[in-house]
Structures are given as C-alpha cells and as structure tokens.
Amino acid sequence: MKVVVAGAGAVGIFLAGDLSRGGHDVLVIEKSAAAAAQVPEAPGLRILLADACEVDVLQSAQLDEADVVVAVTGDDEDNLVISLLAKQEFAVPRVIARVNHPKNHWLFTESWGVDIAVSTPHLLSALVEEAVSVGALVQLLNFEGGKARLVELTLADPSPVASHTIDSIGFPRGATIVAIVRDGHLVVPRSDTHLAAGDEVVLLVTDDVEDEVQKLLVAT
C-alpha cells in the first residue's frame, strides 16, 4: 500500500515509521527542513521537503497513485487544504485528517475531502464515556463525514438481546456488529454468537439507523 503522510511532527513520524515497518511504501511530505531531519531512515520510507498544500508538490509526489493520504500537520487549515486537494484533484481513495483544535471538528467532513477525522479530545471523551456508560451508544469514530460511525454499547442487565443470537436480533441493513469484548476477551461475532449482559458490543452503523439499533439493544 502506498501511503502519503503530510506533516513530520511527532504523530507523522510515528505513523511513517510504523507503516514502513509494516511493509508499506511511505512518503512523508514536510516543508520544514528541521522537522524533516527528524524522520528516521527506514526501508520503504521516503521524505519530500516541500509544502503539501501546493498542487505541483502533490503532483511530483504522484498522489494519484496513493492509496491513503494522512494529513497530520499541526495546522487545521493546512490539513483541510491537503485533504481537499487529495480527494478532488487526485481522487485518493482514503483521506484521513488530524483535527488539532476541537472547535474545528465540524469542518472535517467529506465536503473538504475528509473520509475520517481524528480528534484526540473527542476520542478521549468517547473513551471516558465508554468506560462509565452502560446501555447507551457511545460514538468512537466517524466515517464518511458522519454518515457512518463506529459506536460501542455495554449491554445492561437486563438487556432485551441477552441470550439471543446475532442473526435473531434483526439488525437493520445499515448496522453490523464488528466485535464483542466479553470478560476482557475479544469475541469475533458470527451469526450464531449469543450476546450476554455485560458484553461490550462494537458496531458500525449509519446515522439513519442509529436510533433503531439503540432500541434493539437497550431495554425500555
């Protein structure tokens, strides 16, 4: 997989190193010579000293061949510009952008070319909610500009789906269980998997069926 990482801060350096060690072809674009010098040498890892907000730079980086672009500069405006160019000018299949300031999170949508927006404060808040909430859907990650999301719910006792198999619950087409954590262990969900009170259920849902899923899983 060819990945382009825009920004050689701490996050960009970690991503580039981790992905290159995983066997991926990684290009880091960074306009600061001092920051670029901090990127360690590794097989499959290249560095382009340039401004990723410039179209000609992205052309020279052959962005049209990239599978994923990750915009992780320390400037939200730059991340939005890079995302928009990657999606609209180069049709990159997957664009991931870092949100530095929570107040700007609403801007990071598909209108700006962002497939997945990662906001550390929002993610931390969700993880806190996930740790203390029972019987309520907690949003973990948004996809497609918020039209789809990864959510988590801890089944209360009692739960209307406890002891039921997944295929007997009747989930709508826009929802699917992707993982279950039970007693600290991961359970890979299958159609005949039984749910139990206390299960941490991770689902991928579209926004139009989220309320329906909540009603299916939570006692009223």
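Points worth noting:
- Between 0 and 90°, nearest 10: helix 76-88 axis offset from the chain longest Cα axis: 90
- Taking amide hydrogens as placed 1.01 Å from N in the peptide plane, the amide H of ALA179 sits under 5 Å from those of VAL202, each at least 5 positions away in sequence or on another chain.
- Taking Cα atoms only, the orientation of helix 120-132 departs from the longest principal axis of the chain by about 20 degrees.
- Annotation: amide H of LEU48 within the under-5 Å range of VAL28, ILE29, GLU30, sequence separation 5 or more or interchain, hydrogens built in the peptide plane.
- Translational diffusion of region 2-118, estimated by Stokes-Einstein from the Kirkwood radius over alpha carbon pairs at 20 °C in a medium of 1.002 mPa s, is 156 µm² per second.
- With the convex hull of its Cα atoms as the shape, the chain has an orientation-averaged projected area of 13.2 nm².
- In the chain, the longest principal axis of the Cα atoms and the axis of helix 10-21 are about 80 degrees apart.
- If both residues of a DSSP beta bridge must be in the chain, then about 50% of such bridges are antiparallel.
- Taking packing as the residue-averaged number of other Cβ atoms within 10 angstrom, the listed peptides 18-27, 189-198 run from highest to lowest as 18-27, 189-198.
- The residues neighbouring ALA50, those whose beta-carbon lies less than 11 Å from its own, together hold a net charge of -3 under the Lys/Arg +1, Asp/Glu -1 convention.
- Remark on THR109: its backbone amide H falls under 5 Å from those of VAL114, a criterion applied only to residues 5 or more positions apart or on other chains, H modelled at 1.01 Å from N.
- A P(r) calculated from all alpha carbon pairs of region 133-217, with 10 Å bins opening at zero, reads 19, 57, 23, 1 percent.
- Violating pairs (Cα-Cα greater than 24 angstrom) within the set LYS2/LYS103; LYS147/LYS215; LYS87/LYS147: LYS2/LYS103
Read the figures in this text as sums done on the coordinates, not as results from a lab. Predicted model only: the values in this text are computed from it and were never measured. As a convention, Cβ positions derive from the backbone with ideal geometry for all residues, glycine included, and neighbour counts pool all protein chains shown.
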